[in-house]
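Engineer: Structure below; questions to follow.
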Amino acid sequence: MPELPEVETIKRDLERLIVNRKILAIRTNSAKQVQPSLKIVQKAIVGAKITKIDRRAKILIIFLDNGKTLTVHLKLTGRLLVRKRGTPKDNWQRIVIDLDNNKELRFADLRKFGWVRLIKNKKELENLLAEFGPEPLSDLTFEKFKEILSKSGRPIKIVLMDQKKIAGIGNIYANEALFLAKINPCRPANKITDKETKKLFQAIEKVLKAGIRYRGASDQYYLDALGRKGAYQEHFLIYRREGKKCLDCEAKIKKIKLGGRGTFFCPHCQK
Ligand SMILES: [Zn+2]
């Protein structure tokens, strides 16, 4: 699933590619992914101009000049692609928004869990975004982070991935940050020492920034808004490296399931 660095990369692409463009039409072959309905969305967005792109957690927010907003969640396999009109259909293309510069904003999604949702006003947007915890690269302070960990006895990795507690961290970057901080993913969050908490706080910032610098991880479906792969998968520290040597101590990296998700760690370094 695209996480903060992947969605942030798409956000920055879209800022460059679709801001100030007018929406001419929207169509879909997967009606349930346009919410609340294609008809309502059509009526609200056709003719409006895109004024700003934002990201909160793993959600992309497209602001329009008529006060309405489109939010996009890529979920497991979603892609947002900007293509020239008339170019061949993308794989798993579900929704197309025609723009006034001979381009199309395409939403492609193999698994069809993703969605494009109309938000009618500021209040509704605030309600949607209030579900998420602080952003790790902006409003998450060390004090707040410490407080979040101290309040949960669940495994630290599960707490890091809980969007209500901290926004944007998913399986890849949780694994990577815990490796950097040398913390076993199964440890109860409230048993992490202050010193470790400090290391983990810094590790989260480091891996997310690396993810953004490499334009995301394309180990599975993720592509940027121009259909290009990211490169962070070439720099994985621990993720998907089971059976290989730890980069620090040469012990064999282990893989377990934690909360149903593949979890990778060095049994020697991560205590
Ligand atoms: Zn190790």
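The values are calculated or read from the model by the stated rules, or taken from the named source; none is laboratory data. Everything numeric here is computed off the predicted structure, so don't read it as measured data. Positions of Cβ are generated from backbone atoms using ideal geometry, with glycine treated the same way; all protein chains shown enter the neighbour counts.
Engineer: Mind listing whichever residues of region 45-69 are of a type in the set (Val, Ile, Thr) and surrounded by 19 or more Cβ atoms within 10 Å (Cβ to Cβ)?
Structural biologist: Once the filter is applied, which keeps residues that are of a type in the set (Val, Ile, Thr) and surrounded by 19 or more Cβ atoms within 10 Å (Cβ to Cβ), region 45-69 yields 45, 50, 53, 59, 62, 69.
One line per residue, one yes/no per condition, for (1) closer than 21 Å to residue 76 by Cβ; (2) part of a helix (DSSP H, G or I):
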site	(1), (2)
148	no, yes
158	yes, yes
162	yes, no
166	yes, no
179	no, yes
183	no, no
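Engineer: A further question on this structure: Look through region 220-271, keep the residues that are in a loop (DSSP other than H, G, I, E, B), away from the ligand (no atom under 16 Å from the Cβ) and free of Cβ contacts under 8 Å to residues at least 24 places away in the same chain, and return whichever of them is farthest from residue 88 (Cα to Cα).
Structural biologist: 260
Matching residues to (1) over 16 Å from residue 11 (Cβ atoms); (2) out of contact with any strand residue (DSSP E or B) (no Cβ under 7 Å at 6 or more places or on another chain):
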{"site": "91", "(1), (2)": "yes, no"}
{"site": "103", "(1), (2)": "yes, no"}
{"site": "113", "(1), (2)": "yes, yes"}
{"site": "116", "(1), (2)": "no, no"}
{"site": "122", "(1), (2)": "yes, yes"}
{"site": "126", "(1), (2)": "yes, yes"}
{"site": "133", "(1), (2)": "yes, yes"}
{"site": "136", "(1), (2)": "no, yes"}
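Engineer: Can you find a residue that is at pLDDT 95 or above, under 26 Å from residue 162 (Cα atoms) and surrounded by 21 or more Cβ atoms within 10 Å (Cβ to Cβ) anywhere in region 90-101?
Structural biologist: no
Engineer: Same structure again: Here is a list of conditions, (1) of a type outside the set (Gly, Ala, Ser); (2) at pLDDT below 95; (3) touching a His at 6+ places or on another chain (Cβ under 7 Å), and residue 250 meets all of them except one; can you say which number that is?
Structural biologist: Among (1) of a type outside the set (Gly, Ala, Ser); (2) at pLDDT below 95; (3) touching a His at 6+ places or on another chain (Cβ under 7 Å), residue 250 violates only (3).
Engineer: Still on this structure, please answer the following. Quick check: is even one residue across region 198-205 out of contact with any strand residue (DSSP E or B) (no Cβ under 9 Å at 6 or more places or on another chain) and either within 14 Å of the ligand (Cβ to nearest atom) or outside any helix (DSSP H, G or I) (or both)?
Structural biologist: No, region 198-205 contains no residue that is out of contact with any strand residue (DSSP E or B) (no Cβ under 9 Å at 6 or more places or on another chain) and either within 14 Å of the ligand (Cβ to nearest atom) or outside any helix (DSSP H, G or I) (or both).
Engineer: Also, I was wondering about something else. Could we say that residue 213 is away from the ligand (no atom under 15 Å from the Cβ) and closer than 16 Å to residue 11 by Cα here?
Structural biologist: Here the answer is yes, as residue 213 does meet what is asked.
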